[in-house]
Structure formats: C-alpha cells, structure tokens
Amino acid sequence: MSSPTHVRKALHLAAMKAKLQGVAGHRLLLVTALAAFLLLFSARTLFSSSSSSRGPGAASRLSGDGSCSKLPAPVAEALVHYATSNVTPQQTAAEIGVSLRVLQRRSPCNFLVFGLGHDSPMWAALNHGGRTVFLEEDASWIASVRSAHPGLESYHVTYDTRLTEADELIALRDHPGCTAQPDLAAAAEASCRLALRGLPAVFHEVEWDLIMVDAPTGWTPEAPGRMGAIYTAGMAARARRPGDGATDVFVHDVDRTVEDRFSKAFLCDAYLTEQVGRIRHFVIPSHREKPGTPFCPQN
C-alpha cells in the first residue's frame, strides 16, 4: 500500500523536476497535479480494500510482515504515461477536480465519456474497478490510442450535424419529438435530429452513473459540434432506472456558444450544481417512471 511518506516523496520528486525544467513549468505543474491525484487516489483505494478484506488489525499485519498490495494496472499505467509524456489533458487541474470529487464518491461506477484524448488513461484509472467507455468520432485516432493503451474501451461513433446548424437545432428544445420522449430510441423514432444514431450496444445496455461530454470537435464551421452529444447525455440520464439514483453529467468548453446554450437548454439550469473554469456539472434525476415530467423543471 502507498504510504503518506511515499506520496510525499513522489510529490517532492515531481516538484524538483518541475524546477529543473522551468521552460515547461505550467505543463509540468499540471502533470504533477495529475500524478498526485492518481497516487493519492490509489493509496486511498488500496488502504480501503486492504482494511475491508483483512479486518481489524490488518494494518499491523501489513507492517509486521512487510507485505504490500500492488497498484492497480490502470493506475500504474496512467502514472507512467503522464510521468514520461510531454502531452497533458485538455482540462485544467481545477476542472479535473470537479469530476474527481464525484468519482471519489461514486467509483467504481459506469462512466461514459464522449471523446478519446490525452486524459483518457486518467479517467480510466480514477474509475478503477468500474467500467469507463469512450465514444470517439475519429477512427484513426482510436487506432492510435489503442496501440498505446490497449486496455481502454473505446468505440467509433458518427455525427450527422454541423456546427453551422446550431441555431436551427436549439429550437428543438420546444419540440415534443425531442423533449416528450421516454428515451433516446423513442426520440430517434420521432425523428429528433439531436438523437444520436448508430451508438454501440453498450450505450443502451448500461446504466450510466457519470457522463462526460468533451467531444466531438466543435471549433470550425464544418465540425459536428456537441449539440447531439449533450442532448444524448441528458436523455441517457433521464432514462436511468430510478432506484439507481441521479446521473452526474459534465460538459467541458462551456466558454463556447454551443456548449453554453445547449447544456443549459437540454441539461437544464435547474440541474446545474457547479461550474469551475470551462466545465459544468449537472445532476439529472431519472424521469423513467414519471410520464409527463417537464423536460426541464421550472425555476
């Protein structure tokens, strides 16, 4: 098990490295924070699992015979990846902290991520023991990431929208074909253009505890934009079994117009619990057994 001393040593070494490479100071600071997140998280997880499996007195037996538990493979791989890589996740440390706090409370869980990126090993590691699935628009990028991280579960998805259609699609917040349907399949049958089609079977088979929308691309006019991903995340949360609790949904890049407008329209201001930097956190309750429930409650 990772002890507080080991954690302090790891942080000290990372800090020394950052001082020696001042040119990349900001990047290394974020990598250091990620390493600290992962190491502290794994230490907490290992201590908890060891204590529960060995019962009272486990700590003394562990220290007495010198035995220890191994780091979980996804955590170890993520630590090595970020310690040896020049790339950093798309989110800042403060933004990552929003999701981290929820994962510390809910993991192991079912975690759906729209997008496959430099932060994917981190998300899988922080949800060790759960199921983390990534949906990605770029098939060649999936192949590249799989070659480096074969343990990540990812699927190719396609989008039939364009960023230039955002003004037209936002009007669907008042269309019954999109807002009066019990689930995504029904919305697709009702010809709601925001309902993603051709999703992998796992999307429909799993009850998602957390959903992160950090894709698809949305910075050029011809890009698909995140209109459909945001709507689909909201529908997955509303169709969740009531007994499984609410769904935590995160949307990144809300400084951009589409992410700002569509998250408020289809995830609802009333369900917004926190915004830090460019990320918003919504907690959406199930609507499955409440026919006629307004898509967004009145404030």
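The values are calculated or read from the model by the stated rules, or taken from the named source; none is laboratory data. Here the structure is a predicted model, which means the values were calculated and not measured. Using ideal geometry, Cβ is built from the backbone for each residue, glycine included, and neighbour counts are taken over all protein chains shown. We work out accessible area using only protein heavy atoms, side chains counted, and drop any ligands, DNA or RNA first. Shrake-Rupley method; radii C 1.70, N 1.55, O 1.52, S 1.80 Å.
If I go through the stretch 115-145 residue by residue, how many of them are of a type outside the set (Gly, Ala, Ser), under 24 Å from ALA223 (Cα atoms) and either open to solvent by less than 60 Å² (accessible area, probe 1.4 Å) or modelled with pLDDT under 95 (or both)? Of the residues in that region, 10 qualify.
Scanning the stretch 183-203 for residues that are surrounded by fewer than 20 Cβ atoms within 10 Å (Cβ to Cβ) and not charged (D, E, K, R) turns up ALA185, ALA186, ALA190, SER191, GLY198, LEU199, PRO200, ALA201, VAL202, PHE203.
Which of (1) over 20 Å from PHE295 (Cβ atoms); (2) open to solvent by less than 30 Å² (accessible area, probe 1.4 Å); (3) part of a helix (DSSP H, G or I) is the odd one out, the single condition GLY228 does not satisfy? So GLY228 meets the others, but not (1).
Taking the listed residues ALA180, ALA148, the one that is more than 13 Å from the chain's Cα centre (by Cα), hydrophobic (A, V, I, L, M, F, W, C), more than 27 Å from LEU194 (Cα to Cα) and open to solvent by 60 Å² or more (accessible area, probe 1.4 Å) is ALA148, with no other qualifying. Taking the stretch 115-149 as the range and being over 27 Å from ARG105 (Cα atoms) and of a type outside the set (Gly, Ala, Ser) as the test, the residues that pass are GLU137, ASP138, TRP141, ILE142, VAL145, ARG146.
When residues in the stretch 259-299 are screened for being of a type in the set (A, V, I, L, M), crowded, with 20+ Cβ neighbours inside 10 Å and touching a Gly at 6+ places or on another chain (Cβ under 9 Å), 2 of them pass.
Collect the residues in the stretch 196-214 that are touching a helix residue (DSSP H, G or I) at 6+ places or on another chain (Cβ under 7 Å) and under 25 Å from LEU103 (Cβ atoms), keeping them in residue-number order. If the condition is that a residue be touching a helix residue (DSSP H, G or I) at 6+ places or on another chain (Cβ under 7 Å) and under 25 Å from LEU103 (Cβ atoms), then LEU196, GLU207, TRP208, ASP209, LEU210, ILE211, MET212, VAL213 are the ones that fit. Filtered by the rule that a residue be of a type in the set (S, T, N, Q) and more than 15 Å from PHE250 (Cβ to Cβ), the stretch 100-151 gives SER140, SER144, SER147.
Against the condition in a loop (DSSP other than H, G, I, E, B) and either open to solvent by less than 20 Å² (accessible area, probe 1.4 Å) or without any contact (Cβ under 8 Å) to a residue 40 or more places away in the chain (or both), how does ASP255 come out, does it pass? Answer is yes for this residue.
Which one is least open to solvent (accessible area, probe 1.4 Å), of the residues in the stretch 85-114 that are hydroxyl-bearing (Ser, Thr, Tyr) and either closer than 24 Å to GLY218 by Cβ or part of a helix (DSSP H, G or I) (or both)? In this case the residue turns out to be SER99.
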